[in-house]
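Okay, structure first, notes after.
Taken together, the values in this text are just the output of simple stated rules run on the coordinates, not laboratory data. Given the structure is predicted, the values throughout are model-derived calculations rather than measurements. Virtual Cβ from ideal backbone geometry, glycine too; neighbours counted across all protein chains shown.
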Amino acid sequence: MKYYLGVDVGTFETKGVIVDQGGRIVSTATRPHQMLVPQPGWAEHRPEEDWWGDFVFVTQKMLAESRIAPSSIAAIGTSAIGPCMLPVDADGAPLMNGVLYGIDTRAAEEIKDLTQRIGEQGLIDKCGNALTSQSVGPKILWLKRHRPHRFARAYKVLTSTSYLVHRLSGRFVIDHYSAANCSPLYLPDQLAYSDELAKDIIALDKLPDPAWTTEIAGAVTQRAADETGLAVGTPVIVGTIDAAAEAISVGVASPGDMMLMYGSTIFIVEITPKRVTDSRLWYAPWLFPGQHASMSGLATSGTLTHWFRQQFARELDAETAIVTLTEEAAQSPPGAKGLVVLPYFSGERTPIHDPQAKGMIFGLNLTHERGDLFRALLEGIACGTNHIFETYAEVGQEPAKIYAVGGGTKNRVWAQATSDISGRSQIVREKTIGASYGDAFLAAMAVGDVKVSDIEAWNPVATIFTPNTDVRNRYAKLYRIFRELYPATRASMATLDSI
């Protein structure tokens, strides 16, 4: 029997899975870690402890509990939050904490400078994306401007997945899907780095080598084997960002297929028949040659529920707090007694791309209880998700199928509100473990043991959330208010930053 190891590093925890040839989960393990917020607008992880340390922990635990011989692991797939920015020295040792994806907005000035110099339309034409807090190029420029000594010592600038693959195999590689987030330093039409748009950010040879996700990056080194318990020589694939692996795990494979990931953030991937160029969305080559992807995401979702629990439900047991809060939310009627929430607690990504956007709870009165607030929070995230759905429709890419995945699918109030507000159904697969399962599947693909369509057998459909037409009219009125609140307060939100 062959087995495949998948490990995904998320914002708040790392998940690992060992899967057999039929897609059955043999062993799982998780390990929590914290997102560091050293100052407003920043978001960081500790690479040695939170990325590699977690990988070692979950791998050792799964091998021990499953008693699978390490030599039976046919291939290893990894994914992680992204796009991140991590400078390392020639040995691959981190020079600072890893700067996280779009929720870290420290490079706002660099985004502005580069956009003014290159032009937004030029960026979209050449890179497929406007520069946003999701872009790695401005964060590298921030490093150069604000941490010049660390920049000077940097041998490579990696992403989170690239760092894991390097620790396993010794190679500095990145998949094309992730590399496309290095705007303005990567041109998707060429599938290569370029300094054509910005020559003063960084030398291109300091970036990891681009390759396709299911290419073999290398093999487990002796050092990595000693640390993890894996067998020397086990193939390690190039891997990808967590959201892409999660999309694979639920069967996103053809144009019109969309993945809706309920995680620390909402993240959406749709496979499209051609490149979509719209400043409100992100573009990247998909994981395989000749395919295209259009992405989008909210800055906060699961992160917001964690915040609410920590601030307003401290007396509840941490293990069951979200369940209790959801039960309270279920007692509140759809619309949460007239509350509307803007979930912009860390600025916002798509479609407004405003790092100065602020969270808002609108409509409070003395009759509202904690359950109403928590329901309104979930509905606010659902409204933000629907705003993204509408954006896809406006650019001619209305999804044919929406596959929902992630921990949020277990929260029926949240998932049902998303279908009710949007009027769209969501398909949920049997296994919702997410990106780590997708990593294992991609590892099996890399060594030729499965093809993309085999995910239907590995992970069949379990349930479908369908819209409740009885509440559609009520939600339509609240959604209209949701859409009006941000334009009406945008200037005041920006003013708050200067106070």
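For the stretch 177-194, the Karplus equation 6.51 cos²θ - 1.76 cosθ + 1.60, evaluated at θ = phi - 60°, returns couplings of 4, 6, 4, 4, 7, 7, 3, x, 9, 9, 10, x, 5, 9, 6, 7, 6, 7 Hz by residue, with Gly and Pro reported as x. The fewest-to-most ranking of Met259, Met445 by surrounding Cβ atoms within 10 Å reads Met445, Met259. Are any of the pairs Lys337/Lys477; Lys15/Lys206; Lys126/Lys274; Lys61/Lys410; Lys61/Lys451; Lys337/Lys410 more than 19 Å apart by Cα-Cα distance, and if so, which? Over 19 Å apart, Cα to Cα: Lys15/Lys206; Lys61/Lys410; Lys61/Lys451; Lys337/Lys410. Of the trypsin sites (Lys or Arg not before Pro) found in the stretch 302-350, those in coil by DSSP whose Cβ has at most 15 other Cβ atoms within 10 Å are Arg314. Database remark: amide H of Ser194 closer than 5 angstrom to the amide H of Tyr186, Leu187 (H placed geometrically; neighbours at sequence offset of 5 or more, or on other chains; Pro and chain starts carry no H).
If you keep only loop residues by DSSP, which trypsin sites (Lys or Arg not before Pro) in the stretch 202-296 have at most 16 other Cβ atoms within 10 Å of their Cβ?
Lys274, Arg275
Exposure proxy for Asp89, Asp242, Asp113: other Cβ atoms within 10 Å of each Cβ, ordered fewest to most, give Asp89, Asp113, Asp242. Give the shape of the stretch 141-213 as rounded, prolate or oblate, defined through the alpha-carbon gyration tensor: a ≥ b ≥ c are the square roots of its eigenvalues, a/c under 1.5 means rounded, and otherwise the shape is prolate if a/b is larger than b/c and oblate if not. The shape class here is oblate. How many percent of DSSP beta bridges within the chain run antiparallel, rounded to 5? Counting only bridges with both partners in the chain, antiparallel ones make up about 70 percent. Protection proxy ranking of 479-489, 463-473, by the mean of other Cβ atoms within 10 Å over each peptide's residues and highest first, is 479-489, 463-473. Here the label points at Glu109 and Tyr155, each 7 Å from Cα along the C-beta direction, are separated by 3.1 nm in the simple model.
Which GluC sites (Glu not before Pro) does the stretch 282-332 hold that lie in a coil by DSSP with at most 15 other beta carbons within 10 Å? Let's see the in-between values first.
Values: sites: Glu315, Glu319, Glu327, Glu328; in loops: Glu315, Glu319.
Taking the stretch 282-332 and a limit of 15 other Cβ atoms within 10 Å, the loop GluC sites (Glu not before Pro) found are Glu315, Glu319.
Annotation: amide H-H contacts under 5 Å for Ala211 (H modelled 1.01 Å from N, sequence separation of 5 or more, or interchain): Ile174, Asp175, His176.
The distance from the alpha carbon centre of the stretch 38-102 to that of the stretch 331-407 is 31 Å, rounded to a whole number. Treating r as the C-beta distance of Arg145 and Leu191 and R0 as 30 Å, the FRET efficiency rounds to 0.55. Stretched out straight at 0.36 nm per residue, the stretch from Lys2 to Ala231 would grow longer than its current Cα-Cα span by 81.1 nm.
Other residues with beta-carbon under 10 Å from the beta-carbon of Ser436 carry, at +1 per Lys or Arg and -1 per Asp or Glu, a net charge of -3. Amide H to amide H distances under 5 Å link Glu13 with His33, where only residues 5 or more positions off or on other chains count and H is placed in the peptide plane. Karplus-based coupling profile of the stretch 368-377, in residue order and whole Hz: 6, 10, 4, x, 5, 5, 5, 4, 4, 4, with θ = phi - 60° in 6.51 cos²θ - 1.76 cosθ + 1.60 and x standing for Gly or Pro.
Using the number of other C-beta atoms within 10 angstrom as an exposure proxy, rank Lys451, Lys431 with the fewest first.
Ranking Lys451, Lys431 by Cβ neighbours within 10 Å, fewest first, gives Lys451, Lys431.
Rounded to the nearest whole Hz, the Karplus-based 3J(HN,Hα) values (6.51 cos²θ - 1.76 cosθ + 1.60, θ = phi - 60°) of the stretch 217-225 follow the sequence 6, x, 10, 4, 7, 4, 4, 5, 5, with x at glycine and proline. Rounded to the nearest 500, the 222 nm mean residue ellipticity of the chain from helices alone is -11000 deg cm²/dmol, with -39,500 (n - 2.57) taken per DSSP H run of at least 4 residues. Fully extending the segment from Trp307 to Gln291, taken as 0.36 nm per residue of separation minus the present Cα-Cα distance, adds 2.0 nm.
So between Ser71 and Leu485, what do we pick up on full extension, going 0.36 nm a residue minus the alpha carbon distance?
Gain in length upon complete extension: 143.3 nm.
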